[in-house]
Amino acid sequence: MFWTKYIELCKKNNIRPRVLASELGAAPATVTRWKNGSVPNRDMLESIAKQLGVTVDFLLNDEEYPINMNEKRSTFKKLTALPQRWNSLHSGSELTKQQLVDIADFTNSSLYFLNSEKNIEYVPDGKYDINNLLNIEVLFEILNIMDSCADTEFYRTLQIQLSRIVLYHLEQHKEKYNKKKLSDCRQLNTDKMNFLYTGIENIDITLNYGLNFSDLSALYEFTDCSYVYMFTGIEGRYDEIVRMFGNTK
């Protein structure tokens with residue numbers, strides 16, 4: 001199982017399997033054991049996965065869409081908790097043109113950017129209009145989008161572009177939460193983050209998506225930045241911002 005997947009991935013990456021193994025420190029006899037059915041140790045698996053741009057689970061799984069589980073909690077507890085999480089997931093509802101316009105205004109972006117499948121850099125659409133913050137329901141709509149299943153290309157693209165807005169504002173923060181700094185946040189998948197930063201797709205297609213709500217929660221805990229800041233770049237508590245810049249409706 002491992003050897004077959006390893007060979008396929010090396011072929012896709014134009015890498016000679018035994019050359020890669022040698023570069024990672026595996027002896028020829030060890031590679032022969034892999035070919036005969038043995039599995040590398042955990043450290044070697046992680047090195048191979050990193051070199052081939054996949055997860056360890058993907059290397060060991062026959063399925064095309066593996067579930068990636070970190071080893072922070074027991075596998076048994078995760079498996080028993082998964083049905084509850086799957087039941088809470090939902091497909092994104094169809095958005096109206098006005099909803100998309102409101103999201104573009106709230107995030108200070110363009111409709112072209114939000115709907116673009118190209119890897120284009122997010123650039124704020126002029127100076128932020130603080131009055132857009134008065135429509136706080138748009139933020140709840142955005143969070144709902146990020147927590148939805150990206151089961152259409154439209155939703156996948158929208159989640160990716162909203163994620164890039166988040167990463168832009170975090171990098172502009174006084175603490176400079178750039179790619180290198182966010183790599184210390186263990187709850188985030190480094191391959192998914194690399195895809196969001198570079199647009200280079202992973203062989204493991206489950207990693208070619210935007211941030212989900214769990215990722216946003218991890219960023220909130222790691223950076224102490226509010227969701228308002230992540231999507232707008234405006235710092236401070238929401239109620240304080242409203243008192244300073246506008247009148248509630």
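The values are calculated or read from the model by the stated rules, or taken from the named source; none is laboratory data. Since this is a predicted model, take the numbers as computed values, not measurements. Ideal geometry is used to build each Cβ from the backbone, glycine not excepted, and the neighbour counts take in all protein chains shown.
Worth a mention:
- Any hit, the stretch 157-180, residues being part of a loop (DSSP other than H, G, I, E, B) and aliphatic (A, V, I, L, M): no
- Any hit, the stretch 133-147, residues being under 19 Å from N212 (Cα atoms), touching a strand residue (DSSP E or B) at 6+ places or on another chain (Cβ under 9 Å) and outside any helix (DSSP H, G or I): no
- Some residue of the stretch 58-66 being in contact with a Lys or Arg (Cβ under 7 Å, 6 or more places away or on another chain) and either at pLDDT below 90 or among the charged types (D, E, K, R) (or both): yes
- Checking each residue in the stretch 25-34 for being part of a loop (DSSP other than H, G, I, E, B), at negative phi and loosely packed, with under 15 Cβ neighbours inside 10 Å picks out only A27.
So that you can scan it fast, the table gives a plain yes or no per residue for (1) touching a residue at least 40 places away in the same chain (Cβ under 8 Å); (2) over 11 Å from the mean Cα position of the chain (by Cα); (3) loosely packed, with under 14 Cβ neighbours inside 10 Å:
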site: I142; (1), (2), (3): yes, yes, no
site: K176; (1), (2), (3): no, yes, yes
site: K179; (1), (2), (3): no, yes, no
site: T190; (1), (2), (3): no, no, no
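- Here L196, L188, L211 are screened, and the one residue that is at pLDDT 90 or above and assigned to a helix (DSSP H, G or I) is L196.
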